[in-house]
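Participant: Next up is a structure, given as structure tokens.
The values are calculated or read from the model by the stated rules, or taken from the named source; none is laboratory data. The structure displayed is predicted, hence computed values, not measured ones. Neighbour counts run over all protein chains shown; Cβ positions are idealised from the backbone, glycine included.
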Ligand SMILES: [Ca+2]
Ligand SMILES: [Ca+2]
Ligand SMILES: [Ca+2]
């Protein structure tokens with residue numbers, strides 16, 4: 001009954017005081033026969049749905065998976081799948097504990113993608129990065145302190161470059177600079193490789209995801225919050241999550257022979273390319289993008 005009374009309150013706000021004062025008891029037939037009709041049986045009468053602007057024949061007007069009555073209760077917009085326009089759909093925010101009515105409250109502060117179907121990818125039994133393997137479901141903390149589930153990048157229609165870098169590593173920083181469009185040691189290769197100037201914009205546009213994992217701080221020690229924050233301060237690329245790998249889980253799976261090691265993943269999280277030289281991954285991505 002809480003839902004019904006709340007929706008009645010919302011209706012009152014849109015109607016005259018006289019109409020609001022006239023409570024519908026639903027059985028005397030003299031206070032609006034239509035008010036008692038609830039065509040879709042969602043607990044909100046057709047009359048109330050008319051005032052809310054919702055579909056009286058659908059219990060979930062915006063089709064986002066949250067019933068109209070639940071949205072009235074939450075205060076979210078039953079006619080918008082993303083009430084606060086932050087890019088995360090209302091039911092995702094409810095499931096993950098962020099607010100569907102506050103754009104500042106997001107699943108990921110960094111606006112990384114979200115995949116509500118990620119459990120369907122199943123369990124990876126890959127112990128070493130090999131082409132065709134399902135990448136393990138790494139869950140690591142990013143530069144904003146959020147724990148990022150790598151599988152949220154799955155099935156977004158984009159390849160993923162999974163970059164294992166270290167703060168101490170010169171070429172790792174040069175790659176980050178190149179992605180930002182800053183002068184880098186790669187500039188002299190711009191006429192030979194399209195990725196020198198093309199990869200940064202492709203990442204910025206979201207045509208390809210670039211995920212950086214730091215496995216050591218500047219001193220070669222265990223990465224921590226300061227490590228990823230310092231990297232982000234230096235390379236403030238809003239498109240790139242910077243994750244820390246204090247347990248070395250990514251490192252032990254990738255078994256890098258040098259840094260950075262950058263794997264190319266398909267959108268289904270299988271390894272597409274696990275080269276010795278990361279520039280091969282860049283070449284392949286540009287081929288995939290037709291550039
Ligand atoms: Ca809904
Ligand atoms: Ca939202
Ligand atoms: Ca939100």
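Participant: Give the residues of region 92-109 that are closer than 18 Å to residue 62 by Cβ, out of contact with any helix residue (DSSP H, G or I) (no Cβ under 9 Å at 6 or more places or on another chain) and not in a loop (DSSP other than H, G, I, E, B), sorted by residue number.
Facilitator: Passing the criteria: 92, 93, 95.
Participant: So, one more: Please work out which one of (1) within 8 Å of ligand 3 (Cβ to nearest atom); (2) closer than 24 Å to residue 232 by Cα is the condition residue 108 fails and give its number.
Facilitator: Status for residue 108: all satisfied but (1).
Participant: Ok, one more. With respect to the numbered conditions (1) buried (at least 19 other Cβ atoms within 10 Å of the Cβ); (2) over 24 Å from residue 93 (Cα atoms), which one is the sole condition not fulfilled by residue 201?
Facilitator: Checking residue 201 against (1) buried (at least 19 other Cβ atoms within 10 Å of the Cβ); (2) over 24 Å from residue 93 (Cα atoms), the one that fails is (1).
Participant: What number of residues within region 89-114 are in the same structural domain as residue 59 (by TED's automatic domain parsing) and touching a strand residue (DSSP E or B) at 6+ places or on another chain (Cβ under 8 Å)?
Facilitator: Of the residues in that region, 0 qualify.
Participant: Would you say residue 151 is touching a helix residue (DSSP H, G or I) at 6+ places or on another chain (Cβ under 9 Å) and at positive phi?
Facilitator: So residue 151 fails the test.
Participant: Are any residues in region 100-122 more than 16 Å from ligand 1 (Cβ to nearest atom) and farther than 22 Å from residue 209 by Cα, and if so, which ones?
Facilitator: Within region 100-122, 102, 103, 104, 105 qualify.
Participant: Being away from ligand 2 (no atom under 12 Å from the Cβ) and under 16 Å from residue 66 (Cβ atoms) is the filter; apply it to region 96-135 and report the residue that is farthest from the chain's Cα centre (by Cα).
Facilitator: 97
Participant: Let me ask another. Taking region 74-83 as the search range and keeping residues that are assigned to a loop (DSSP other than H, G, I, E, B) and more than 10 Å from ligand 3 (Cβ to nearest atom), which one is nearest to residue 111 (Cα to Cα)? Please lay out each step first, then the result.
Facilitator: Initial filter on region 74-83 (assigned to a loop (DSSP other than H, G, I, E, B)): 75-83.
Now narrow it down to the ones that are more than 10 Å from ligand 3 (Cβ to nearest atom): 75, 77-81.
On the way: 75: 23, 77: 21, 78: 23, 79: 23, 80: 19, 81: 17 Å.
Filtering region 74-83 for residues that are assigned to a loop (DSSP other than H, G, I, E, B) and more than 10 Å from ligand 3 (Cβ to nearest atom), the one nearest to residue 111 (Cα to Cα) comes out as 81.
Participant: When you go through 124, 184 one by one, which is the residue that is part of a loop (DSSP other than H, G, I, E, B), assigned by TED's automatic domain parsing to the domain that holds residue 241, closer than 24 Å to residue 284 by Cβ and out of contact with any strand residue (DSSP E or B) (no Cβ under 8 Å at 6 or more places or on another chain)?
Facilitator: Exactly one residue qualifies, and that residue is 184.
Participant: For region 132-165, give me each residue that is free of Cβ contacts under 8 Å to residues at least 40 places away in the same chain and not in a loop (DSSP other than H, G, I, E, B).
Facilitator: 139, 147, 149, listed by residue number.
Participant: Going by the structure shown, is residue 48 in a helix (DSSP H, G or I) and buried (at least 19 other Cβ atoms within 10 Å of the Cβ)? Spell out the reasoning first.
Facilitator: Values: in a helix (DSSP H, G or I): yes; buried (at least 19 other Cβ atoms within 10 Å of the Cβ): yes.
So residue 48 passes the test.
Participant: Going through region 60-83 one residue at a time, which ones are more than 9 Å from ligand 1 (Cβ to nearest atom) and either without any contact (Cβ under 8 Å) to a residue 40 or more places away in the chain or touching a strand residue (DSSP E or B) at 6+ places or on another chain (Cβ under 8 Å) (or both)?
Facilitator: 74, 75, 82, 83
Participant: I've got another one for you. Which one of these is outside the structural domain of residue 153 (by TED's automatic domain parsing), within 11 Å of ligand 1 (Cβ to nearest atom), on the phi < 0 side of the Ramachandran plot and assigned to a loop (DSSP other than H, G, I, E, B): 86, 55?
Facilitator: Every option except 55 fails the conditions.
Participant: Yes or no: residue 119 surrounded by fewer than 19 Cβ atoms within 10 Å (Cβ to Cβ), part of a helix (DSSP H, G or I) and more than 16 Å from ligand 3 (Cβ to nearest atom)?
Facilitator: For residue 119, the condition - surrounded by fewer than 19 Cβ atoms within 10 Å (Cβ to Cβ), part of a helix (DSSP H, G or I) and more than 16 Å from ligand 3 (Cβ to nearest atom) - is met.
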